[in-house]
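One structure is given here, and the rest of the page talks about it.
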Amino acid sequence: MLDRALLKHLADTEAEHEEALMEMSDPDVIANTSRYQEVIIRHGEIKALVEEYRRYLVVSEEVDDATELSEIEEDPEMREYLQSVIVERSSELERIEGTIKRLLVPKDPDDEKDVIVELRAAAGGDEAGLWAGDLYRMYRGLAEKHGWAVEPINFSWSDGGGLAFGQFSVKGCGVYSKFKWEAGPHRVQRIPKTESQGRVHTSVATVAVLPEVKDIEVEINENDLEFETFRSTGPGGQSVNTTDSAVRIKHRPSGIVVSCQDEKSQLQNKVKAMRVLRARLYQQQLEQQLGKRADARKLQVGTGERAEKIRTYNFKENRVTDHRISLTVHNLDNVLDGDLDKFHVVLADREAAESIADIA
């Protein structure tokens, strides 16, 4: 059963719904285009919730009536029938409750956006770089399972063949709704290939996830930008391009610097770098609007120390543990192939429960 606080919230929402209906037929509101649009949008947002709430009240009353009658009914057959009604309607009531709770969870406006993901080797030396490369392969697997497209933007490789820094975009339906749970430090515990004595090493790679935005969502003044070109480099700093095709852009007001060297064309690198800049500026705007955190990106990636982690991947025990939800699975290979949905479902359920608790 829904608690009293939620029922009060739903009753208030129903009253708001009725008020919106009245306003939608009010000539003064109709004449005011902006207000009329606001009312229509709000009505559309709460319509399904109000319908489920009304259905909940009807079914709840049916359960109460059947229960009351079954307690005083003397005919065995009628009592049996009433019990079947109670079971059936109680099951329906449970389904409606679940629907109401899902509808109560505020939708993240960024959930349907594409993302730009940044991987960085942190504590652990060469092994951290190798681990960052493994995470990149894991995310390509996640994208493949959902039919999303992965596009490299900027990659820097270490002398040991690991990934010092990687930046790529993922495009598709609902990408951010999944990838947002991957932001933070990822810790690995395994025996490196270079370890001769079989000792387990602990390394960390950090992940930052930025929702990708369109031009109209973030305004950028060209006069605020500094452009610099340079030659692309590969492992060990060796030149992989004979022309200055790589691009670095600095946004003076924010101090944000982005670069791209993945493409052979300077223009293509500039376009990709501008996408990254736009995503970072968008996130900066969100931080200022929310007022909840001074730097969300720093909170996402942490300091990169071994003790920090959102998830631990233990090769010896074939174990993956998500520390945010205390969930452990013993199918490491599947997880590294991109099978992350189990973690994402539980994380989303936790967020929903917290939203419901806030309302209550």
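No lab work stands behind these numbers, since they all come straight from the coordinates. All values reported here derive from a predicted model rather than from experimental measurement. Here the Cβ is made from the backbone with ideal geometry for all residues, glycine too, and neighbour counts use every protein chain on show.
Of 327, 37, 268, which is farthest on the positive side of the dipole of the chain, counting Cα position, with +1 on Lys and Arg Cβ, -1 on Asp and Glu Cβ, and the Cα centre as origin? Result: 268. Against the main long axis of the alpha-carbon atoms of the chain, helix 33-72 sits at an angle near 50°.
Helical runs assigned H by DSSP (4 residues or longer) give the chain a calculated mean residue ellipticity at 222 nm of -16500 deg cm²/dmol, each run adding -39500 (n - 2.57) before division by the residue total. Computed packing ranks the peptides 176-184, 114-122 as 114-122, 176-184, most packed first, by mean other Cβ atoms within 10 Å. Spherically averaged projected area of the convex hull of Cα atoms, the stretch 53-111: 4.3 nm².
Considering only alpha-carbon pairs that sit under 8 angstrom and 6 or more positions apart, the relative contact order computed for the chain is 16 percent. Between residue 319 and residue 8, the FRET efficiency from the beta-carbon distance, with R0 = 41 Å, is close to 0.40. Applying 1/(1 + (r/R0)^6) with R0 = 22 Å to the Cβ-Cβ distance of residue 111 and residue 37 gives a FRET efficiency near 0.45. Inter-label distance, residue 264 to residue 18: 7.0 nm, where each label sits 7 Å from its Cα along the C-beta direction. Among 142, 69, 93, a tally of other beta-carbon atoms within 10 Å of each Cβ gives an order, fewest to most, of 69, 93, 142.
Overall shape of the stretch 4-104 was characterised from the C-alpha gyration tensor. The equivalent ellipsoid obtained from it has semi-axes of 39, 13, 10 Å, in decreasing order.
The loop-placed GluC sites (Glu not before Pro) in the stretch 23-72, going by DSSP, include none that has at most 15 neighbouring Cβ atoms within 10 Å of its Cβ.
Here the gap between residue 271 and residue 149, fully extended at 0.36 nm per residue and compared with their Cα-Cα distance, gives a gain of 42.1 nm. When the chain is described by a simple charge dipole with +1 on each Lys and Arg Cβ and -1 on each Asp and Glu Cβ, the residue from 156, 206, 11 located farthest towards its positive end is 156.
Among 326-334, 277-285, sorting by the average number of other beta carbon atoms lying within 10 angstrom of each residue, highest first, gives 277-285, 326-334. The order of 102, 4, going from fewest to most other C-beta atoms within 10 Å of their C-beta, is 4, 102. Diffusion coefficient of the chain by Stokes-Einstein, Kirkwood radius over Cα pairs, 4 °C, 1.567 mPa s: 53 µm²/s. Only Lys, Arg, Asp and Glu carry charge here, each on its Cβ (+1 for the first two, -1 for the last two); on that basis the chain has a dipole of about 3080 debye about its Cα centre. A convex hull fitted around the alpha carbon atoms of the stretch 116-205 yields 86 Å³ per residue. When the Cα positions of 56, 86, 76 are compared along the charge dipole of the stretch 45-96, 56 comes out farthest toward the positive end, with charges on each C-beta of Lys, Arg, Asp and Glu. Each Cα pair under 8 Å and six or more residues apart adds its sequence gap; the mean of these over the residue count of the stretch 4-104 is a relative contact order of 26 percent.
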